[in-house]
1. From Cα coordinates alone, what are the radius of gyration and Dmax values for the chain in angstrom?
2. Within 10 Å of each candidate Cβ there may be at most 10 other Cβ atoms; applying that plus a DSSP loop requirement, which trypsin sites (Lys or Arg not before Pro) in the range 19-89 survive?
3. Taking the Cα centre of the chain as origin and charging only Cβ (+1 Lys, Arg; -1 Asp, Glu), how large is the dipole, in debye to the nearest 20?
Amino acid sequence: MSHRVAKELADASLQADVVYAFVRQNLPPNLKSDLLEAIDTGLEALIDETAQGIVFMERDLQAAALKNATNKNLIPVTTSERGPRSRSA
């Protein structure tokens, strides 16, 4: 799923490993808790919802999630360092 979301986002700073860091921590906040059930109801909808949730997640939450994922060895430090770029408001 992380690869499909990253492809949907088409952003070099949001590759599959960064998406995985969020999904592994049940982020974005709108992510369904039962992914298998969510896939049964529509994979494309789940991918779209996850992509949108990551894009519009607060920057502080994105940074904290990546730092936490690095501390828990879910992703390498280099992945955390190249995490999502700042969005312009």
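Read-outs throughout are calculated quantities, based only on the coordinates presented, and are distinct from any laboratory measurement. Since the structure is predicted, the reported quantities are computational estimates derived from the model, not experimental observations. Here the Cβ positions follow ideal geometry from the backbone for every residue, glycine too, while neighbour counts run over all protein chains shown.
1. 12.2, 35
2. ARG87
3. Its charge dipole is roughly 420 debye.
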